[in-house]
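Below: one structure, written as structure tokens.
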């Protein structure tokens with residue numbers, strides 16, 4: 001059960017609803033098979049065909065790869081009947097084969113009906129483990145499995161595919177305990193965290209969206225496919241767009257769900273995160289008042305209680321055993337307002353903190369950060385692998401721009417506007433990254449003729465519909481499907497209006513009409 005995520009946040013997605021050691025299960029928490037990880041949001045077009053001509057590895061390069069030796073899967077949380085695993089060997093640096101190789105874990109479940117080929121799947125998130133995601137989610141995609149072998153891989157820098165190992169596994173804890181805000185302490189700890197993650201890591205500088213797209217072309221060749229049929233979610237939509245840009249002649253049937261604008265710079269992305277979180281928090285307060293809120297009789301009073309609690313925790317954190325609940329961890333807990341099923345219990349835990357008992361709210365924060373009994377945090381691995389892709393691809397903002405933006409965002413959202421590791425972190429972190437960013441990973445300018453279907457949800461906090469529309473526009477043949485609900489990834493849960501066109505295209509090659517709008521599923 002530990003693979004479940006349920007959080008429609010702009011930090012990319014989902015928070016565990018499973019038992020987390022020492023935390024317990026949330027009441028009313030519904031389970032979904034999803035593995036989107038924090039800090040996955042990526043951005044806008046900033047380059048053109050002139051830039052593509054200068055890329056280190058030409059798009060016309062022919063990928064070659066040995067067939068994958070399939071065998072039983074090992075190390076999965078639980079066995080999956082019929083699932084096979086193997087390894088794909090790829091160059092560390094596609095532009096310099098002498099730099100050595102890395103191995104990417106690969107998994108597949110074979111087609112149950114008349115086989116059309118292989119459908120490569122990318123489940124999103126800078127830290128998403130593709131093999132574990134396929135194990136958890138393949139039953140949701142049975143309609144696609146009727147015609148395809150479903151194939152997933154661990155993108156470089158995630159899972160066991162050359163991941164970063166950050167210091168002692170506890171370094172992110174110091175950042176999590178900091179009060180949010182862009183100050184000398186935050187910058188010092190951020191710099192120390194980045195140094196600890198990149199020290200001795202070969203993969204740094206070789207884990208952008210362009211690198212992953214080239215890995216996917218090697219995977220396509222190893223699977224024996226002439227073209228890449230592909231389903232990518234969230235960050236997987238960016239990788240799909242970059243693939244279509246680099247290899248326009250090898251694009252098969254492609255669906256990009258929860259589409260993101262790949263060209264957004266770091267400030268616009270993280271400002272979008274904070275703004276989305278603020279809206280979610282305001283919805284939480286309004287619902288709390290409708291139900292008879294323990295925090296206050298109206299929204300103003302309830303918000304006042306929360307803000308007074310946060311200010312009090314800055315001055316005097318609440319002791320919780322040998323730990324403490326400060327403003328930073330309380331803010332982490334408030335990010336759970338992005339998951340509607342958690343609202344009643346979060347209200348109760350906030351009320352306990354107002355009364356002086358910080359333990360329930362710290363346990364809520366531990367859900368988000370994936371705290372472990374040994375003092376380490378699952379969020380450390382997620383943040384490290386997210387930095388690999390984000391800092392490689394994103395245009396970096398100047399320190400002056402970051403300071404100015406934080407002042408503005410504090411006015412927009414006093415709670416989520418200040419810099420913090422579980423929110424507005426990667427912008428500052430990438431300024432300590434030891435290698436320059438590369439425009440290739442934020443460049444989508446598909447020149448091929450094959451239609452590409454893009455899906456977006458109107459109220460998706462992690463991937464706003466504007467991002468999906470922008471991505472579709474950059475893909476010359478992009479076809480946009482708009483879902484009016486709040487799903488992060490509208491297929492297959494968005495009902496027949498979404499599933500029909502997606503399956504019609506992937507399974508039968510029927511191109512959807514432009515501009516389909518689908519009602520939210522109750």
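Here, each number is a calculation from the coordinates, and none is a lab measurement. It should be emphasised that the depicted structure is a prediction, and the values quoted were computed from it without experimental measurement. In this analysis, Cβ positions are derived from the backbone assuming ideal geometry, glycine residues included, and neighbour counts consider all displayed protein chains.
For residue 510 and residue 74, the FRET efficiency from 1/(1 + (r/R0)^6), where r spans their Cβ atoms and R0 equals 41 Å, is about 0.55. Take every pair of alpha-carbon atoms less than 8 Å apart whose residues are at least six positions apart; their mean separation over the length of the stretch 473-513 yields a relative contact order of 26 percent. Place a point 7 Å from the Cα of residue 115 along the Cα-to-Cβ direction; which residues of the stretch 218-245 have their backbone N under 13 Å from it? Only 223-225 pass the distance filter. Using the rule -39500 (n - 2.57) for each DSSP H run of four or more residues, divided by the residues of the chain, the 222 nm mean residue ellipticity is -11500 deg cm²/dmol. Taking the Cα centroid of the stretch 66-108 and of the stretch 197-253, what is the distance between the two, rounded to the nearest whole Å? Here the answer is 14 Å between Cα centres. In percent, rounded to a whole number, the relative contact order of the chain is 21, using alpha-carbon pairs under 8 Å and six or more apart. Cβ crowding within 10 Å ranks 402, 481 as 402, 481, fewest other Cβ atoms first. Most simply put, the chain has about 40% antiparallel DSSP beta bridges, counting only bridges with both residues inside it. Values [x] 36, 25, 22; [y] 48, 24, 20; [z] 69, 35, 22 are given for comparison; semi-axes √(5λ) of the Cα gyration tensor in Å, derived from the coordinates here, is the one labelled [x].
In this rough spin-label picture, where each label sits 7 Å from Cα along the Cβ direction, the residue 411-residue 139 distance is 5.1 nm.
Highest mean packing comes first when the peptides 86-92, 427-433 are listed by Cβ atoms within 10 Å, giving 427-433, 86-92. Once both labels are positioned 7 Å from their Cα atoms along Cα-to-Cβ, the gap between residue 294 and residue 98 label points is 6.6 nm. Would you mind checking the tilt of helix 465-474 against the longest principal axis of the Cα atoms of the chain, expressed as 0 to 90 degrees and rounded to 10? Between the helix axis and the principal axis of the chain, the angle is about 30 degrees.
Once the Cα atoms are used to define both axes, helix 399-412 deviates from the longest principal axis of the chain by about 60 degrees. Helix 359-369 axis versus longest C-alpha principal axis of the chain: approximately 20°, rounded to the nearest ten.
Distance between the pseudo-spin-label points of residue 447 and residue 484 (7 Å out from Cα toward the beta carbon): 4.0 nm.
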